[in-house]
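Encoded as structure tokens, the structure appears first; notes follow it.
The values are calculated or read from the model by the stated rules, or taken from the named source; none is laboratory data. Since the structure is predicted, the reported quantities are computational estimates derived from the model, not experimental observations. Here the Cβ positions follow ideal geometry from the backbone for every residue, glycine too, while neighbour counts run over all protein chains shown. To get the accessible areas, we keep the full protein, side chains included, count just its heavy atoms, and leave off ligands, DNA and RNA. Shrake-Rupley method; radii C 1.70, N 1.55, O 1.52, S 1.80 Å.
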Amino acid sequence: MTTALHQRVTSALRDVPDFPTAGILFKDITPVLADPTLLPEVITAMVTPFRGSDVTHVVGVESRGFLFGVPMALSLQVPFAPARKPGKLPWRTQRESYDLEYRSDVLEMHTDAVWAGARVLVVDDVLATGGTAAAACRLIERLGGEVIGVSVLLELGALNGRARLASHHVHAVVSV
Ligand code: AMP
């Protein structure tokens, strides 16, 4: 990653205070999506560390993980699979619960989305506490896949999400 890219991403991200609830400083990635020069460079920066790692699947976490995960899967020429909120996927699913600050949530994947021997790259937009990404990793492992890494656009370093992903290679284009 070049320093120039780091700076361009940092200045493109929009801070929205008190969204979706009071006290949360929401990192809005839509200006990155709206920049057709920056977006492909971001996709390249998110995927490059995992080239040569024999990734067989990219799993994107609902919903903003889809926006980056699909072009990354196309770039690697491997299948993309969504990890979704409960009740969204139409076929047979495996589920994994995880705790957020004031509630718990669930991620689901189709049972045939990854399989034993799969080498999976997990993608999301923001790594905060790491609970969501850790649940996605557990879900993939329960389906028999191996998590090769976790790639995000932005890491909120103060929340130390990496600690919950300690056994995995975590890559962030920008850490704040
Ligand atoms: P966590 O499980 O705490 O790592 O939260 C990660 C998930 O919540 C990701 O899917 C993010 O899209 C979203 N998220 C958490 N905190 C923020 C934030 N401050 N700004 C934008 N998205 C966030």
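Some points to look at:
- Those residues of the range 121-133 which are more than 14 Å from H171 (Cα to Cα) and either assigned to a loop (DSSP other than H, G, I, E, B) or open to solvent by less than 10 Å² (accessible area, probe 1.4 Å) (or both), in sequence order: T129, G131
Table: residues versus (1) open to solvent by 70 Å² or more (accessible area, probe 1.4 Å); (2) in contact (Cβ under 8 Å) with a residue 24 or more places away in the chain; (3) farther than 15 Å from V152 by Cα.
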site	(1), (2), (3)
D28	no, no, no
V32	no, yes, no
D35	no, no, yes
L38	no, yes, yes
D54	yes, yes, yes
H57	no, yes, yes
V70	no, no, no
A81	no, yes, yes
P86	no, no, yes
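- Taking the range 98-116 as the range and being out of contact with any Phe, Trp or Tyr (no Cβ under 9 Å at 6 or more places or on another chain) and either at pLDDT below 95 or near the ligand (Cβ under 10 Å from one of its atoms) (or both) as the test, the residues that pass are Y98, D99, L100, E101, Y102, R103, W115.
- Filter result for the condition that a residue is modelled with pLDDT under 95, open to solvent by 50 Å² or more (accessible area, probe 1.4 Å) and polar (S, T, N, Q), over T10, T21, T44: T21
- Among the residues of the range 164-176, those that are aliphatic (A, V, I, L, M) and open to solvent by 60 Å² or more (accessible area, probe 1.4 Å) comprise A166, V176.
- Selection of the range 54-85 for residues being within 9 Å of the chain's Cα centre (by Cα) and either in a helix (DSSP H, G or I) or not aliphatic (A, V, I, L, M) (or both) yields G60, E62, R64, G65, F66, F68, G69.
- Residue pairs whose Cβ atoms lie under 8 Å apart, sitting 6 or more positions apart in sequence or on different chains, and linking a residue in the range 133-151 that is in contact (Cβ under 8 Å) with a residue 60 or more places away in the chain and at negative phi to a partner that is among the charged types (D, E, K, R) and within 13 Å of the ligand (Cβ to nearest atom), are A133/D124; A133/R164; A136/E96; A136/D124.
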